[in-house]
Amino acid sequence: MSEFDLIRRYFTRATPGALLGVGDDAALLQASAGNVLAVSSDMLVCGTHFLPNADPFMLGHKTLAVNLSDMAAMGAAPRWATLAIALPFVQGKETSHECPHPNPLDETTSHSTRLQTTAAKSLVTPAGEGTNESLRELMFTVDEAWLAQFSAGFFALAQQHGVELVGGDTTRGPLNLCVTIFGEVPAQQALRRSGAQVGDEIWVSGCLGDAALALAHLQGRILLNATEFAACTAALHQPQPRVALGLVLRGIANSAIDISDGLLADLGHILEASQVGAEIEFDALPVSAVLRERLTPLNPPLSGGKPNSSPDKTTSHSTRPSKDDDQVAGYDKGRPGGVELLKQCILCGGDDYELCFTAPAARHAELLNIAARLDLPLACIGKVVAGRGCIVHDASGNPLNIEACGYDHFR
Ligand SMILES: [Mg+2]
C-alpha cells in the first residue's frame, strides 16, 4: 500500500468545517468571527509514552485525547487537527484472531481481548523476554488491522468533539504519533496559566492518580488485584479530555492547566506564571474508590502502639473486612507499593488529563452547580496565597514532605 492509499483509507474523512482539508500542500482554516486560533502539539513516542503492545484503538483515542486536553485547559473549542505518524508498517500480513503470546498486562482489559488481531499479536512482547529491554529495543510492526483500529479510536473521539483531521504526514519508522490541534476561543476569554490571584480557590476535576496507579501496576511497582486494575486502567488508556468544562470556565476561572505531568508539577506552572503560592489539603484531593480504599489504614495501631507494627487481628479496632495479602502490603510504608507510592501517584503521577484551575471564592457555589450540570466532580483542594511555592497539608494540618515523592519543583 502506498502512503497515499494509506492516508486515503485510514485518515481521510469529510472536513466541512475547513476551507480546504486533506489533499493539497496545506489545509486552509478560518476561525469563526471574534475568535483566535489556539494551537498545540503533543507527541506520543512508543516506549516513552505508551507500551509497544498498547491496544491500537485506545492508542488512537489517547493520541487525540491528550491534545484535546490542552484545548480544554485553554478554554478553547477544538476544531481541527493534523496527525504526523511514523509507522513500522508491514504489508500483507495474514490476520489471525489468536494471540500466541497472551500478554499478562492485558489480561484484565476486556477491550483488548476484543482487539487481539494480528496487530495486537505483532505488538505483544514475546513471552519470557525482559520487559525493559523489549520496550527499548523491540522493533515491532503494525499492519492494516492495527491501522484500522488506531484510526477507529482516533476518529471516534474526534467525532465526539467535532474535530476534523485536515492534514498530516506519514513516514516509515519506529512508531511515533504527533498531533497538532487547532481550537478557537475569544482572545480575551482564553484560560491562561498566568491569571491566578491571591485568595483564589484551587479546583481539580475528576479523580487524580488512577492512571499512575495503573502504570505502577504494569511496571510491577505495586500489585493491584483484578478488580482494582480494571477500575484504574481506563484512566491510563482512555483519558476523557475535559473540553466541556474548559468552555464553561471561560469568564469564571482566573487560570487553568491540564494535569499531564502530575498535580504538583502542573499546578507549579500556574503558580510560577502567576507569581503566587498555594496551600493544598491532601485530604481534599479527589481520588477514586480504589485509591481511597488503599489509603485508609487497614488496621490502625492501638494508641501508643508502634506506628509500623504489623497488623494484628487480635488487637485491632478495625471492623473492616479482612483483606488479602497484597492489600495489606499496599498499606505497609516499608514495602514497595506502600502509602508513599500512593501519594506519589496522586500528587506527581501524571497522565491524569484532568483540569486544575483557580477561581475567585465568590464563584464556589456556581462551580458546584457546574459540576452537577456536567456530571463531572469538581473538588476545591486549597487556595492561592501570597508568596511562592506549594504546601500540602495532611489531615492534622502538618505539611507533607512532598520532596519524598520526587518533587523538587521549588528548590
Ligand atoms: Mg497541557
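The values are calculated or read from the model by the stated rules, or taken from the named source; none is laboratory data. Computed from a predicted model, the values in this text were never measured in an experiment. Every residue, glycine as well, gets a Cβ built from its backbone with ideal geometry; the counts of neighbours run over all protein chains shown.
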Checklist entry - Got a sec? Which of A73, A77, A54 is under 26 Å from W203 (Cα atoms) and either within 16 Å of the ligand (Cβ to nearest atom) or at pLDDT below 90 (or both)? => result A73
Item to check | Options P174, P239; residue that is within 16 Å of the ligand (Cβ to nearest atom) and assigned to a loop (DSSP other than H, G, I, E, B) | outcome: P239
Checklist entry - In segment 92-110, is there at least one residue being closer than 19 Å to C178 by Cα, away from the ligand (no atom under 16 Å from the Cβ), outside the structural domain of Q219 (by TED's automatic domain parsing) and modelled with pLDDT of 50 or more? => result no
Checklist entry - Consider D200 against the criteria (1) buried (at least 23 other Cβ atoms within 10 Å of the Cβ); (2) under 26 Å from L83 (Cβ atoms): it satisfies all of them except one. Which criterion is unmet? => result (2)
Item to check | Every residue from segment 5-16 that is more than 16 Å from A156 (Cα to Cα) and surrounded by 11 or more Cβ atoms within 10 Å (Cβ to Cβ) | outcome: L6, I7, R8
Checklist outcome for this item: Of the residues in segment 266-290, those that are within 16 Å of the ligand (Cβ to nearest atom), of a type in the set (A, V, I, L, M, F, W, C) and crowded, with 20+ Cβ neighbours inside 10 Å come to L267, I270, L271
Checklist entry - Does A212 count as under 12 Å from Y353 (Cβ atoms) and assigned to a helix (DSSP H, G or I)? => result yes
Item to check | Checking C348 against (1) over 19 Å from A278 (Cα atoms); (2) touching a Leu at 6+ places or on another chain (Cβ under 7 Å); (3) among the hydrophobic types (A, V, I, L, M, F, W, C); (4) surrounded by fewer than 24 Cβ atoms within 10 Å (Cβ to Cβ), the condition it does not meet | outcome: (1)
Item to check | Cβ pairs under 8 Å, 6+ apart, first in segment 247-273 and in contact (Cβ under 8 Å) with a residue 40 or more places away in the chain and of a type in the set (S, T, N, Q), second away from the ligand (no atom under 14 Å from the Cβ) and assigned to a strand (DSSP E or B) | outcome: N254/T358; N254/A359; S255/T358
Item to check | Evaluation of A244 against (1) surrounded by 18 or more Cβ atoms within 10 Å (Cβ to Cβ); (2) in contact with a helix residue (DSSP H, G or I) (Cβ under 7 Å, 6 or more places away or on another chain) (one fails), failing number | outcome: (1)
Checklist entry - Within segment 247-261, is even one residue in a helix (DSSP H, G or I), more than 19 Å from A54 (Cα to Cα) and basic (K, R)? => result no
Checklist entry - Do we find that H217 is over 14 Å from the mean Cα position of the chain (by Cα) and without any contact (Cβ under 8 Å) to a residue 60 or more places away in the chain in this structure? => result yes
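Return the residues of segment 243-252 that are under 23 Å from A362 (Cα atoms) and within 15 Å of the ligand (Cβ to nearest atom); say none if nothing qualifies.
L245, G246, L249
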Checklist entry - Just one of the numbered conditions (1) touching a Ser or Thr at 6+ places or on another chain (Cβ under 8 Å); (2) over 24 Å from E403 (Cα atoms); (3) away from the ligand (no atom under 14 Å from the Cβ) is not true of S255; which one? => result (3)
